[in-house]
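Reviewing the structure listed below.
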Amino acid sequence: MNVIDKIVAVVSPRAALGRVQYRRALAAYDAARPNRTHKAKRSHGSGDHNAQRAGLSLREQARSLEENSDFVDGLLGVLVNNVVGREGIGVEPMPLTYAGDVHEGFAKQILSRWERWSLKADSTGKHSRAELERLACRTWLRDGEVFGEHIMGRVPGFKHPSGGFYSIQAMEPDFFPFELSVLQSGISGAIERNAWGQPVFYHAYLNHPGDSYAFSTKTRSIPADRMMHLMLAKRLHQGRGVTILASSMQRISGLQNYEESELVAARIAAAMAFYIKKGEGAMYTSDDGDEEEDVRRTIPISPGTVFDDLKPGEDVGVIDSKRPNALLETFRDAMSRMVCAATGANASTVNKKYDGTFSSQRQELVESYVSYGVMSNQFISQWSRPVFRNWLRMEILSGLDVPEDVDPDSIFSAYYQCPMMPWIDPQKEAKGFNDIVRGGFGTESEVIRSRGKNPQEVKRQRAREIKENRELDLVFASDAQHEYYGVKNETENGGSDKTDGGSGDDAD
């Protein structure tokens, strides 16, 4: 301890100890030294406090970028396409019997009802389930959060568009104002929590605050068990979400301004046709000896123009503006790759630039789909799974019979299919999957699911097609039990295959 520390210790030993500890920390971390060369910026407050303080501004900036930046609009589109997909999250019901096998009959019945309900899943009747999931995902990524209310059973003044007893009311985060906080009641950011931090009620406006003709400051309380709150959180104890573009906004805005400046420079350069280089001043005199008046001349420009009225000493020159900048595309690609790295998107897909080898493109896809998979799992756990389970619960209450041999603990079991990584080279991918299945390291269902299909539905379609082809006496390689392919396989494999039910694909 130095002299000052000893003096402080007489008055406050704790403060003196703190001075010593902080001094040791500064000695250990160069970045914390007062004489550091970089300008340090610090983040204070909890995750919940920072999200509420900056959430509204970040949300409005993200929406403005989406509306005015084609790059951001395309970036969000790529994320939605790979997190949710064009048909939404696939759901494959998998109720089990007491023996542990999938109850095919009950699963098929659930899937049939689920597909009918999916046509009118939205409470307004405007969107199908796939469309609603895509909009919810886009809102979640752009605004940082999205809310959904489970509307179950009979509600006065409301009719479920699907004709059943369950609908989803999706809401933008504007319905839940950041400024609605009552510390005495445990309300922070329109969310009321108990002493353990668990949501109890969500307080929502009756109308969207952006609708000035119908907006009211009145709120309604929605029980937490009837709400879905899908948010992007990067810190513990964070109650409200932050847009996925938060860390990239300055880069995106700077890139957009730079592109606009380059565009203006290119337009100015394109408007400049030529200039006239004049000679010495003595050459510009009239016949009577007086200097010629400075009159601006206009020279018409057209294909094949000949300058035959130049004055003595004049010459025509062309302005080389170096626009558009030859390095603009390289610079833009580098900046956009950093934005894609922060958001987890595939840079090649966002930039629509595919110039790598098969290995490099596949490596980029593999790394990107790790990020897509993380976001898909979060979307499934906080949106798709609660929706399916509440829908099925209402279907059972409204008359769906559960077979007696179905294990009650497995009624709500299902496989949720998110978009899978596309095939770059179908021939190589198919051969790889074929080797995996033949070697026993995977299943046919795994391969079918990797293409975003339902295994049971694909097998039913294959069985129907094979039966129809045999009735029409059509021969395709997909029917390995056909007499033609059975004999061919037996010949090629030295008689090791059988044509009475054996498949030539089973031979090594």
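Quick notes on this one:
- A204 vs. criteria in contact with a Lys or Arg (Cβ under 9 Å, 6 or more places away or on another chain) and not basic (K, R): yes
- Pick from region 445-456, criterion in contact (Cβ under 8 Å) with a residue 24 or more places away in the chain and out of contact with any strand residue (DSSP E or B) (no Cβ under 9 Å at 6 or more places or on another chain), ranking: most open to solvent (accessible area, probe 1.4 Å): R451
- Pairing each residue of region 427-438 that is surrounded by 13 or more Cβ atoms within 10 Å (Cβ to Cβ) with any residue that is not in a helix (DSSP H, G or I), provided the two are 6+ apart or on different chains, yields C-beta distances under 6 Å for E429/W423; I436/G442.
- Some residue of region 321-329 being among the hydroxyl-bearing types (S, T, Y) and in a helix (DSSP H, G or I): no
- Considering S43, S57, S64, the condition of being more than 30 Å from M420 (Cα to Cα), open to solvent by 80 Å² or more (accessible area, probe 1.4 Å) and among the hydroxyl-bearing types (S, T, Y) is satisfied by S43 alone.
- Region 76-97, subset touching a Phe, Trp or Tyr at 6+ places or on another chain (Cβ under 8 Å) and in a loop (DSSP other than H, G, I, E, B), residue farthest from K352 (Cα to Cα): P95
- If the condition is being in a loop (DSSP other than H, G, I, E, B), surrounded by 11 or more Cβ atoms within 10 Å (Cβ to Cβ) and not hydroxyl-bearing (S, T, Y), then region 176-190 contributes F176, P177, F178, L180, G186, G189, A190.
- Some residue of region 73-80 being open to solvent by 30 Å² or more (accessible area, probe 1.4 Å), modelled with pLDDT under 90 and within 18 Å of the chain's Cα centre (by Cα): no
- Inter-residue pairs, beta-carbon under 6 Å, first over 13 Å from M272 (Cα atoms) and in region 298-323, second open to solvent by 70 Å² or more (accessible area, probe 1.4 Å) and of a type in the set (K, R), 6+ apart: E314/K278; D315/K277
- Conditions (1) farther than 26 Å from N82 by Cβ; (2) without any contact (Cβ under 8 Å) to a residue 12 or more places away in the chain; (3) part of a loop (DSSP other than H, G, I, E, B): number failed by G442: (1)
- Taken over region 131-158, residues that are surrounded by fewer than 18 Cβ atoms within 10 Å (Cβ to Cβ) and either assigned to a loop (DSSP other than H, G, I, E, B) or touching an Asp or Glu at 6+ places or on another chain (Cβ under 7 Å) (or both) amount to 4.
- Residue in region 337-375 that is farthest from M420 (Cα to Cα), counting only those that are touching an Asp or Glu at 6+ places or on another chain (Cβ under 8 Å) and of a type in the set (S, T, N, Q): N351
- Lone qualifier among M420, M394, M375 - being of a type in the set (A, V, I, L, M), closer than 28 Å to A107 by Cβ and open to solvent by 50 Å² or more (accessible area, probe 1.4 Å): M420
- Sole exception among (1) surrounded by fewer than 15 Cβ atoms within 10 Å (Cβ to Cβ); (2) under 26 Å from the mean Cα position of the chain (by Cα) for D211, by number: (2)
- Residues that are touching a helix residue (DSSP H, G or I) at 6+ places or on another chain (Cβ under 8 Å) and more than 23 Å from R449 (Cβ to Cβ) do occur in region 386-399.
- Test: residue in region 477-487 that is modelled with pLDDT of 80 or more, over 30 Å from Y415 (Cα atoms) and part of a loop (DSSP other than H, G, I, E, B): no
The values are calculated or read from the model by the stated rules, or taken from the named source; none is laboratory data. Just so it is clear, the structure is predicted and the values come from calculations on it, not from any experiment. Backbone-built Cβ (ideal geometry, glycine too); neighbour counts: all protein chains shown. Ligands, DNA and RNA are stripped out before the accessible areas are found, and what is left, the full protein with its side chains, is counted by its heavy atoms. Shrake-Rupley method; radii C 1.70, N 1.55, O 1.52, S 1.80 Å.
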